[in-house]
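S.K.: Dropping a structure here in structure tokens format, bear with me for questions.
Read the figures in this text as sums done on the coordinates, not as results from a lab. Computed from a predicted model, the values in this text were never measured in an experiment. Cβ atoms come from the backbone with ideal geometry, glycine included; neighbour counts cover every protein chain shown.
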Amino acid sequence: MAYHIAVGARYGTALVHDSIVTPFAVRPAVAPALSAAAYLPLKPPWQGVATLDASITRISRHDSDGTTTNLGRLSTIMFCVGLRRDISKKLSAGLDIGGLKYLPADETGIFNLGAGPLAGVGGLVMEWQLSPGLAIEARYDIHQFTTPALDAEGFTSATLVQRVTLSLAGGTSSEP
Amino acid sequence: MNRNRVVLGLLGLLAACDTAQAPLRTCARCSYDFADTVPPTTALVFSWPENRLPVRFYADPRGALPSLVTLAIGAWQGQFLYGEWSGVPVPDSTMADVVVLWAGGVPPPDVPPDQGPPVDACAGETSDPVAVFRDSAGTHVHIVLTPRGGFSDAQVAACLRRVVIHEFGHALGLLRESDSTGDIMYEGPTVTAPSERDRNTAEILYHTPATVAPR
């Protein structure tokens with residue numbers, strides 16, 4: 001069993017697209033992301049992995065005239081399980097599935113009726129080994145975003161949110 | 001070749017799913033007029049700009065007025081999804097943007113509102129923000145609530161809860177009355193909270209460029 005802690009930066013696409021007189025979007029800022037992962041050796045070249053991930057960001061309304069309005073702080077917490085496969089000596093790649101929960105700092109605006117249920121999330125991960133126990137990790141994941149307040153407003157479907165995270169990961173190595 | 005097609009297809013699917021369908025707010029009966037006009041064509045649109053939020057409300061501390069102000073702030077703030085408007089009570093009238101006062105006596109506090117049919121047991125009046133900020137040197141909007149005699153305390157309490165939300169609607173820029181009894185902005189409101197039409201109208205107002213700004 002090996003463990004990794006990763007610290008990085010995360011970009012996410014818009015949570016909401018709406019139009020009231022003019023179009024606008026609600027977007028998260030680039031955010032710090034922290035994750036911890038446990039790797040379980042399987043039949044080589046495969047490994048199982050369980051990941052707990054958290055990030056804190058600010059969300060803003062971006063109007064079509066270029067103005068932005070701060071809408072407060074928003075945290076996410078995600079738990080995933082997946083598989084990793086060594087592609088070369090230094091490169092590995094894998095798939096994750098799991099659940100993601102939004103945790104708004106204030107129950108206002110799009111969160112004024114709560115944050116809604118756990119969202120299913122799927123991800124792709126690539127890891128480049130810099131040295132034993134140190135790696136660069138690139139992660140892409142997708143999930144659907146909606147809230148009870150957006151449902152009440154008349155949104156009939158959720159927004160597909162895509163996130164990209166670039167992290168530096170360090171920890172114990174699974175190699176003997 | 002087939003693998004490329006699959007990848008392109010998946011990317012196309014992601015792009016197609018990216019945007020949820022936003023609700024329609026501008027159909028004929030989805031909202032009502034909020035702007036005043038100066039004939040023939042000058043529209044007077046008032047809203048509180050982002051740099052004046054949260055709007056500061058001072059309430060006469062007597063009776064139930066502080067709790068009525070808190071009720072009305074919450075009722076309107078909850079209508080906005082995207083940070084367009086917010087309000088906060090303040091303890092000092094010199095710090096306030098909007099001053100809320102009693103006229104004609106103070107009804108007893110802590111009276112549960114009557115659950116019967118709405119009756120006209122109170123009145124409310126709001127100074128026109130356009131008149132305050134465009135046509136005079138005023139710096140505050142005033143809201144005055146008046147309990148009427150001949151009704152029970154519970155009927156007055158119920159009326160005040162409706163009317164304070166109605167008057168706050170005027171103070172945040174809904175300058176006109178609604179033509180529908182289902183809306184809190186109907187003259188002599190009979191409902192207890194902003195309707196979907198009230199919400200649509202307030203949202204449209206706060207995404208429309210204002211022609212009158214607070215001082």
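S.K.: Using a Förster distance of 56 Å, how high is the FRET efficiency between A:Val81 and A:Ser19, based on the Cβ-Cβ distance and rounded to 0.05?
M.R.: 0.90
S.K.: Then there's this: Let's see if you can work this out: charge +1 on each Lys and Arg Cβ, -1 on each Asp and Glu Cβ, no other charges. What is the dipole magnitude of chain A about its Cα centre, in debye to the nearest 20?
M.R.: 540
S.K.: Moving on to the next point. Taking just the alpha carbons, could you work out the radius of gyration and Dmax for the protein assembly as shown, both in angstroms?
M.R.: 26.9, 89
S.K.: Among bridges DSSP assigns within chain B, what percent are antiparallel (round to 5)?
M.R.: If I count the DSSP bridges inside chain B, around 35 percent turn out antiparallel.
S.K.: Also, quick follow-up: Ranking A:Trp128, B:Trp76 by Cβ neighbours within 10 Å, fewest first, what do you get?
M.R.: Listing A:Trp128, B:Trp76 from fewest to most nearby Cβ atoms yields A:Trp128, B:Trp76.
S.K.: Just to be sure I understand the model, the point goes 7 Å from the Cα along the line to the Cβ. What's the resulting A:Thr67 to A:Ile5 distance in nm?
M.R.: Result for the modelled spin labels: 4.3 nm.
S.K.: Now a separate question. Sequence gap at least 6, Cα distance under 8 Å: using those rules, report the relative contact order of the stretch B:120-186 to the nearest whole percent.
M.R.: Answer for the stretch B:120-186 is 35 percent.
S.K.: On to the next question. Just counting partner chain Cβ atoms within 10 Å, what average do the residues of peptide B:74-82 show around their Cβ?
M.R.: 5
S.K.: What is the mean number of Cβ atoms from other protein chains located within 10 Å of the Cβ atom of each residue in peptide A:14-20, rounded to a whole number?
M.R.: Mean shielding by partner chains, rounded to a whole number: 6.
S.K.: Okay, moving on. Per residue of A:21-28, what is the mean number of Cβ atoms on other protein chains within 10 angstrom of that residue's Cβ?
M.R.: So the per-residue partner count for this stretch is 3.
S.K.: Hey, what's the Cα Rg ratio for chain B versus the globular rule of thumb, 2.2 N^0.38 Å?
M.R.: With N residues counted in chain B, Rg over 2.2 N^0.38 Å equals 1.25.
S.K.: Along the charge dipole of the protein assembly as shown, which of A:Val21, B:Val163, A:Trp46 sits closest to the positive end, that is, farthest toward it, with unit charges on the beta carbon of Lys, Arg, Asp and Glu (+1, +1, -1, -1)?
M.R.: The Cα lying farthest towards the positive end belongs to A:Trp46.
S.K.: If amide H atoms are built 1.01 Å from N in the plane of the peptide, which residues on other chains or at least 5 residues away come under 5 Å of the amide H of B:Leu44?
M.R.: Placed amide hydrogens put B:Asp36, B:Thr37, B:Val38 under 5 Å from B:Leu44.
S.K.: To make sure I understand, if each residue's beta carbon is the centre and we count other beta carbons within 10 Å, what order do A:Met78, B:Met95 fall in, fewest to most?
M.R.: Ranked by crowding around the Cβ, least crowded first: B:Met95, A:Met78.
S.K.: Another question, then. Over the stretch A:2-171, calculate the relative contact order: mean separation of alpha carbon pairs under 8 Å at least 6 apart, over the residue count, as a percent.
M.R.: Rounded, it is 21 percent for the stretch A:2-171.
S.K.: Another question, if that's okay. Can you pull the Rg over Rh of the stretch A:2-171, Cα-only, Kirkwood?
M.R.: 1.03
S.K.: While we're here: In a Gaussian network model over chain A where Cα atoms closer than 10 Å are linked, find which of A:Thr22, A:Thr147, A:Thr69 has the largest mean-square fluctuation.
M.R.: Answer for the Gaussian network model of chain A: A:Thr22.
S.K.: Could you put A:Phe145, B:Phe34, B:Phe151 in order, starting from the residue whose Cβ has the fewest other Cβ atoms within 10 Å?
M.R.: Arranged by neighbour count, lowest to highest, A:Phe145, B:Phe34, B:Phe151 become B:Phe151, A:Phe145, B:Phe34.
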